[in-house]
Each structure stands twice: as C-alpha cells, then as structure tokens.
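S.K.: Below you'll find the structure I mean.
What follows is calculated from the coordinates using simple rules that are stated; it is not laboratory data. In this text the structure is predicted, and so the values were computed from the model without any measurement. Neighbour counts are summed over all protein chains in view; Cβ atoms, including those assigned to glycine, are modelled from backbone coordinates with ideal geometry.
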Amino acid sequence: MTPTSDDPHPAADRPAPPPRPGFFEEVRDAVRVRAALLIIGVLALQLGFITSYIGAFHDPKPKDVPIAVTAPTASAAEQAVRRLGALPGDPLAPRAVADEATAAAQVRNRDVDGALVLTAGAADRLLVASASGASLSEALTAVVTRAERAQGRSLDVVDLVPNAPGDARGLTSFYLVIGWCVGGYLCAAVLAISAGARPANPARGLIRLGVLALYAAVTGLLGAVIAGPVLDALPGGVPALWGLGALLVFAVGAITLALQGLAGIVGIGLAILVVVVLGNPSAGGAYPYPLLPPFWQAIGPALPPGAGTYAARSLSYFDGNGAAGPMLVISAWAVGGAAVTMACAFFHRRANERGSAAHAAAVGDGGTPRGA
C-alpha cells in the first residue's frame with residue numbers, strides 16, 4: 001500500500017525559504033541612518049569633552065591677575081607697578097592704591113585677587129583671599145615671591161578670606177554648582193523622554209516649565225542644606241545659596257528644554273555641549289579664570305557653571321560682593337530658555353494644526369482621498 005500524507009503541499013511543491021541576510025545587511029537593518037548620526041554626535045561630544053578639559057587644565061599659568069599695590073610713597077608705588085607689570089609673560093595686572101586699608105578692601109570686595117603692601121622695612125606683605133580659589137592664591141604668591149626676591153626683599157603672606165575648614169581648596173562651591181547643573185539638564189531630559197522632546201502645545205510647554213521650577217526650588221534648597229548645615233563645607237546662610245541654586249537649576253533646565261524644542265532629542269546633546277563640555281572646564285573651579293587659557297577664560301563668565309561658581313563663592317565668603325553680574329547672567333539664560341521653550345511649543349502647535357487641516361482637506365467622505 002502506498003503511504004498517504006495529509007499535507008496538501010508536498011515538500012517538492014513548497015516554496016524555498018528566503019535566503020538569510022548577510023552580516024552587512026543585518027548591520028544596515030539594525031543600525032539605521034538616524035542611529036548612526038546620533039552615534040557620530042556622541043563621538044563628537046566625547047572628543048569635545050576630552051579636548052575641552054585637557055585644553056583648559058593641562059598648563060595653567062597666571063595671566064593679568066589683578067593686584068593692588070601700595071607703598072609708603074606714591075612714587076614708590078608707581079615704580080613697583082611698572083616693575084610688576086613688566087614681568088615676563090604678563091602674569092600680573094598691577095594698580096596703585098592709596099593705602100593698605102584700601103588694598104584690603106579691594107581684595108574683600110573681589111575687585112582684585114591680591115594686594116602687595118610695600119613697607120619701609122625689609123619684609124613686605126602680600127594680601128590674598130584663598131576663598132577665591134586656592135590655586136589662584138598659590139600662583140599669585142609664587143609670582144610675587146620671585147619678584148620680591150629679585151629685589152632682595154622678603155614677603156609675608158596674609159590670607160584675608162581663607163577657605164572654611166570643610167572646604168578643601170575651595171572646591172565645594174564648584175562641585176555644588178556642577179551638581180545643580182546636572183540636575184537641571186537631567187530633569188529636562190526626563191521630561192523629553194517621557195512625553196516627547198517637543199511639547200505639543202503652549203499649555204504643555206508651560207507645564208514642563210512649572211515642573212522644572214518646582215524641581216529647581218526643591219533641589220536648590222537641598223543642595224544648600226547639604227553643603228551648609230549638613231556637611232559644614234560652606235559658610236554663609238542657606239537662603240542666599242538656595243536662591244542661587246533654584247535659579248541655576250531652572251536656567252540649565254530651561255536651556256535644555258529650549259534646545260529640545262529646537263532640535264528634538266538632539267537638544268539634550270547640545271545642552272551637554274554647552275553646560276558640560278564648554279561650561280565645566282571654564283567655570284573657574286579647579287583653576288580660576290586668570291589661570292585658564294584665553295578661550296576658556298573668555299567664555300567661562302558667560303556660561304551657567306562659571307557664573308554659578310563665581311556667585312556661590314561670593315555669597316559664601318565675600319558677603320555677596322561681585323555676585324550681581326553672575327546672577328544676571330544666570331537670569332538671562334533662564335528667561336531666554338523659557339521664552340524659546342514657549343515659542344517652540346506655540347509653533348509646534350501651529351504646525352500640528354496645519355498638518356491636521358491639510359489632511360482633512362485631502363480626505364473625502366468615507367476616508368477616501370479626494371482625487372483618488
């Protein structure tokens with residue numbers, strides 16, 4: 001008896017299975033053009049990070065450090081100003097002042113980074129403020145000490161505004177600001193990932209800014225409490241640092257929301273470029289502005305990390321002297337970021353409305369496109 005089969009399609013009649021894709025076809029299917037472009041963007045950010053940090057920190061040298069000079073006579077002070085101003089490499093930018101009290105006041109007001117007090121005896125005095133940055137006061141001391149020894153004189157160093165015992169080398173302000181900045185752009189990034197990079201309408205944009213403001217108020221307070229009462233790392237009151245932290249977190253978050261509104265998810269990378277790649281090494285944390293190369297020295301005060309670090313040190317150690325300018329910079333970023341975010345939300349809604357109207361006009365009754 002001949003065996004029978006219930007299969008209506010005998011093996012001889014079945015179509016051959018499609019050939020398996022090769023390796024390169026698999027790669028092309030797995031890594032689409034958009035993903036490849038994003039990976040290239042990540043590579044650019046990585047190389048930019050390496051270049052920016054090494055470029056800023058690899059060879060710190062004092063350049064045009066403002067320093068006040070006073071002496072028993074006006075002619076002696078002017079002579080010292082000319083001598084210090086002619087040092088090789090222009091490490092100092094000296095200016096003559098009337099007396100030691102004026103010089104000390106300028107150091108405490110952050111008008112200058114140090115003051116040389118020439119005396120009638122054999123030992124002069126250098127007034128510094130290590131709270132402005134330990135590396136800066138050390139570099140200034142080294143330069144002035146060499147200059148004084150060349151004149152056969154000794155030098156006593158007086159630290160008018162020292163760092164708090166819990167603030168090793170004055171870096172607490174910098175790391176506090178960096179923590180606030182990280183929180184700002186991560187909060188904005190989470191909002192984008194959870195609900196779309198671009199807000200669908202102005203109401204959604206306003207909601208995102210409101211959530212960001214609430215987050216900024218909370219994390220600003222917690223950061224100030226941790227740096228102050230909890231760890232005893234920064235002197236000064238909590239309210240001033242709280243205000244700075246809340247403004248800074250909101251500003252960085254608003255920048256990120258604005259860039260997301262303009263460029264979609266790529267805006268997160270652009271925010272990292274501005275805040276981390278360019279902003280952190282130019283912030284004046286490890287090396288204050290006079291020790292940074294010209295490019296980083298120029299952009300630092302205009303970016304949120306630099307403005308925040310300078311303001312935090314001013315509020316903690318210098319009774320707020322010099323903080324007004326940096327606070328205005330941060331406020332400008334906050335207002336600009338919020339305005340761009342709302343503008344993008346408005347235009348996104350208009351684009352959606354135009355798209356819906358065009359679709360409705362192209363579709364006839366019963367869902368059949370007109371003209372089909």
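S.K.: Can you give the FRET efficiency to the nearest 0.05 for H58 and A203, using r as the Cβ-Cβ distance and R₀ = 45 Å? If you can, show how the numbers build up before the last one.
M.R.: Values: r = 49 Å, r/R0 = 1.08.
Efficiency, from the Cβ-Cβ distance: 0.40.
S.K.: In square nanometres, what is one fourth of the surface area of the convex hull spanned by the alpha carbons of region 33-186?
M.R.: Details: hull surface 48.3 nm².
Computing the convex hull of the Cα atoms and averaging its projections yields 12.1 nm².
S.K.: While we're on this one: Using 20 Å as the cut-off for backbone N distance, which residues of region 256-274 belong to the label zone defined by a point 7 Å from the Cα of V42 along Cα→Cβ?
M.R.: 260, 263-274
S.K.: Ok, one more. Per residue of region 127-133, in order, report the coupling 6.51 cos²θ - 1.76 cosθ + 1.60 (Karplus, θ = phi - 60°) as ³J(HN,Hα) in whole Hz, putting x for Gly and Pro.
M.R.: Values, residue by residue: 9, 10, 9, 5, 5, 6, x Hz.
S.K.: Label T145 and I50 with points 7 Å out from Cα along Cα→Cβ: what is the distance between them in nm?
M.R.: Calculated label separation equals 3.6 nm.
S.K.: Give the peptides 247-253, 265-271, 227-233 in descending order of average Cβ contacts within 10 Å, highest first. Walk me through the intermediate numbers first.
M.R.: Numbers: 247-253: 29.7, 265-271: 19.4, 227-233: 16.1.
By packing density, highest mean first, the sequence is 247-253, 265-271, 227-233.
S.K.: Now, a different point. If each of D159 and A298 carries a label point 7 Å out from its Cα toward its Cβ, how far apart are those two points in nm?
M.R.: 3.5 nm
S.K.: With r as the distance between the Cβ atoms of V266 and L214 and R0 = 22 Å, compute the FRET efficiency 1/(1 + (r/R0)^6) and round to 0.05.
M.R.: Working: r = 26 Å, r/R0 = 1.20.
E(calc), rounded to 0.05, equals 0.25.
S.K.: Using label points projected 7 Å from each Cα along Cα→Cβ, tell me how many nm separate N109 and V190, to one decimal.
M.R.: Computed distance between label sites N109 and V190 equals 4.4 nm.
S.K.: Another question, then. To the nearest 0.05, how large is the calculated FRET efficiency for A339 and E138 if R₀ is 41 Å and r is the Cβ-Cβ distance? Mind dumping the intermediate values first?
M.R.: Working: r = 42 Å, r/R0 = 1.04.
Efficiency, from the Cβ-Cβ distance: 0.45.
S.K.: Using +1 at the C-beta of Lys and Arg and -1 at the C-beta of Asp and Glu, which of S132, A142, A103 has the Cα lying farthest in the positive direction of the dipole of region 65-159?
M.R.: The residue sitting farthest along the positive end of the dipole is A142.
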